[in-house]
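Visitor: A single structure is presented below for examination.
The values are calculated or read from the model by the stated rules, or taken from the named source; none is laboratory data. As the structure is a prediction and not an experimental result, all values here were calculated from the model. Cβ atoms come from the backbone with ideal geometry, glycine included; neighbour counts cover every protein chain shown.
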Amino acid sequence: MSEHKTLCMGCMEPLDEAGICPHCGYDDSSPSNPSYLPPKTILDGRYIVGRLLSENGESGVYIGFDRSTEQKVLVREYMPDALCSRSRETPEIKINSGALVQYKNYMSEFIELNKELMRLRSATSHIVAPVDMFSQNNTAYVIMQYTESVTLREYLADNAGELTWDQVRKLFPPLLTTLSCIHNAGLLHRGISLDNILVTDRGELLLTGFSIPEVRTVNTDLAPELFTGCSAPEQYASSDWIGTWTDVYALAAVMYRLLTGCMPTEPMARVGSDDLLEPAKINPNIPANVSKVIIQAMRLKCDARIQTVTEFVTKLFDQPSYMQKMPNGSTQTIPIQVPRQSERQRRRKRKKKAAAVANAFMILGAIALVAIVVAAFVLLARMLLPDESGVNFPSQSQSVPSVVQSVPTTSSEPVTEPPVSSEPLQTVSEATTARQQGVMFAMPNLVGQKYDSVSNSEVWKERLTFEVTYDFSEEYEAGVIYEQDIEEGTTLYPVQNVKISVSKGLSVVEIPDFHNEQGLAMTAEEYAAILDGLNIKYEYRYVDTPMTASGFVMAVYCSETGGEVGGTINVAEGNTLYVDVSNFVMNNGPVG
């Protein structure tokens, strides 16, 4: 038997025999896409090609195995399917009539791009870099290093759908430095997204998914590959310039998604009415300066946007110093954030006071006659305009409505603004509203996330409570949220109750085998653990066995479906699986 027949073509792990892989579940008999190489193809006499992992209008990526180093690799094949095709009879690519010039031009770009990436491999370890290149089958192949990892999208799914700023600021600096090096080498990525950033098992980020420019913009000879919410607006209009600011937009969009749990609105949907919320308005735990920088990096107009990764990083991690604003020779021992917080508090209190007074007069006007309404507005004007003493409060001759607490004037000295410690004029309902302002957030999409991760997230504990219903689902695995009653993006105030439906797993499942990997019968306890995980209801039936020790499973049967091992059982309808368990006997008497 040749070497490649002992490897799984889905994950390149060793197999004892052909069939379904116990590591990844790949079925050796699964059909493959006829436009791409069939599994077990040998390239350059060295590389074994496995299943197709991904493809776009420029190329396809396969899992592979290097027989020289005996290591997994990734195999990228130049395959612009709009310009060429392949038949089952031969691995050779056939170029479409009239497309030879475009095919060769784009292949030259493909080769030059990967040559540059290969040269950058020594400068950075945070890209999935080429390690070998060659021509075969009338096309070009790039061999890339393989690293155990998951996409950033998958990583998010296992982390309650979002990350904190502290997590992001620790993860991203090496990747940002890498992208800056790539830009300095004259390259652009154009496809930064949750699917093209990988998280390794060491918690490091890798940038992958490099492609030629024509596949990352519209109106070219190739089918465009754009990424929802992450691709910049200029990629949708071929007349606009693309540059380093294009990758800056995508980086900011990725951070927007990480920090808020919400994918930013498509840029073309923002044209004419840009209502993209600042990240801090969705998640108030995001630092204000970080929120503003992300929005600045996602401006629709290229020249209004942050232009380079260096500028983006500088602004993102820059913390304005209060000490820099102080006069020369002065000293200050208060922490630098205190003065900024005090100023914000003063502005909020002035706004609350103005809102409280205005609302009081609106209530008075709603229940009074027209004449009283007119008088109320006159009184309001007198209150808002300063008198000759400079005091902005009502004079003693003015009456304040009873629903608003009066503030007595205890000094005749001019007052330009109330002291920081004074309380604004508020009704009870207005005070409640004021406490809510500044902490509103947008409802995230919880569908597809694990309920345990979401419910244990510190972020959502402060904003959501959950009313959970468990039911069977044919689409989502057990423990995954498959429905929510509040639509994604709805503006909410904490603490909001949301009704969610969590999957109990499949309603009809296959009856599992009671033999272990060695072919030996499981104990009743071992088999019960498997049944519990599948929500299968079961009952033991003890069978006297003079030749088998007690406690081992001998047979299983479902009377409702007639199913045995490999058959089905309807757990939603409460079908019972009867499990025959051995009970060793000797001399016609049971042995405990």
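Visitor: Given segment 1-86, what strands (runs of 3 or more DSSP E) lie entirely inside it while holding 2 or more residues that are modelled with pLDDT under 90?
Guide: It comes to none.
Visitor: Within segment 3-16, can one find any residue that is within 21 Å of F134 (Cα to Cα) and in contact with a helix residue (DSSP H, G or I) (Cβ under 9 Å, 6 or more places away or on another chain)?
Guide: no
Visitor: I'd like the full set of residues that are more than 17 Å from Y155 (Cα to Cα), buried (at least 23 other Cβ atoms within 10 Å of the Cβ) and small (G, A, S), limited to segment 232-259.
Guide: A232, A250, A252
Visitor: For segment 93-193, which fully contained strands (runs of 3 or more DSSP E) count at least 3 residues that are on the phi > 0 side of the Ramachandran plot, buried (at least 18 other Cβ atoms within 10 Å of the Cβ) and polar (S, T, N, Q)?
Guide: none
Visitor: In the set D247, D303, which member is free of Cβ contacts under 8 Å to residues at least 12 places away in the same chain and either part of a helix (DSSP H, G or I) or among the β-branched types (V, I, T) (or both)?
Guide: D303
Visitor: Here is a check on your reading of the model: is K104 more than 17 Å from S35 (Cα to Cα) and more than 37 Å from the chain's Cα centre (by Cα)?
Guide: Judged against the criteria, K104 is a match.
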